[in-house]
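Sharing a structure here in structure tokens format.
Just so you know, all these numbers are worked out from the coordinates, no wet-lab data involved. Note that the structure is predicted; figures quoted are calculated from it, not measured. Counting neighbours? That spans all protein chains shown, and the Cβs are built from the backbone with ideal geometry, glycine included.
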Amino acid sequence: METVHKIGRRKTAVARVYVTEGKGNITVNKRPLEDYFTTGTLRYKVNQPFALTGNEGSYDVKVNVYGGGITGQAEAVRLALSRALCEINEEHREVLKPEGLLTRDPRMVERKKYGQKKARKKFQFSKR
């Protein structure tokens, strides 16, 4: 098996994932997974596609991720890994799809409009 390359996005975070057969090493921006994603929740999100498909420890993963915050980055990595696993084996799709791991979350930060304080908030209105 050669390297499988996939991209995942969430908010403004973009994750590029390179999956090869191996012992289960995950490196994020040239750092181990435990150093980059410090909390257990974020590590769980990244490992979720492997846990659902029963592939823990069977693939080496190299991740380049940038933009957004740490949670958005973890969810972008999760989407990219799910897409990569579906390309490796099409049967993984029926496990990942009901969990919502193949759906790109379209919610983004709404832009600030001119003449307003924020995206939706207005300046205080004075009648007199």
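With a 10 Å cut-off between alpha carbons and a GNM built on the chain, which of 90, 56, 75 moves the most?
90
Please determine, in degrees from 0 to 90 and to the nearest 10, the orientation of helix 70-88 with respect to the longest principal axis defined by the Cα atoms of the chain, where the helix direction is its Cα long axis.
40
Of the listed pairs 23/62; 23/97; 11/122; 45/97; 11/45, which have alpha-carbon separations greater than 18 Å here?
Working: 23/62 12 Å; 23/97 26 Å; 11/122 24 Å; 45/97 15 Å; 11/45 16 Å.
Distance filter (> 18 Å) returns 23/97; 11/122.
Ok, one more. May I ask for the angle, rounded to the nearest 10°, between helix 40-53 and the longest principal axis of the chain, with both axes built from Cα atoms and the value confined to 0 to 90°?
Between helix and principal axis, roughly 50 degrees.
Show me the ranking of peptides 58-65, 78-85 by mean Cβ neighbours inside 10 Å, starting with the highest.
78-85, 58-65
Work from the charge dipole of the stretch 4-96 (Cβ charges, +1 for Lys and Arg, -1 for Asp and Glu, about the Cα centre) and give the residue of 26, 51, 13 farthest towards its positive end.
13
First check a/c for the stretch 8-107, with a ≥ b ≥ c the square roots of the eigenvalues of its C-alpha gyration tensor; if it is under 1.5, answer rounded, and if not, answer prolate when a/b is larger than b/c or oblate otherwise.
The shape class here is oblate.
Give, as ranges by residue number, the residues of the stretch 72-94 whose backbone N falls under 17 Å from the point 7 Å along Cα→Cβ of residue 39.
Taking a point 7 Å out along Cα→Cβ of residue 39, the residues of the stretch 72-94 whose backbone N falls under 17 Å are 72-78.
Let me ask another. Run the Debye formula on the Cα coordinates of the stretch 87-128, all scatterers equal and no solvent, and tell me log10 I(q)/I(0) at q = 0.23, 0.24 1/Å.
Cα-only, vacuum Debye calculation for the stretch 87-128: -0.83, -0.86.
Rounding to the nearest 20 debye, state how big the charge dipole of the chain is about its Cα centre with +1 on each Lys and Arg Cβ and -1 on each Asp and Glu Cβ.
1860
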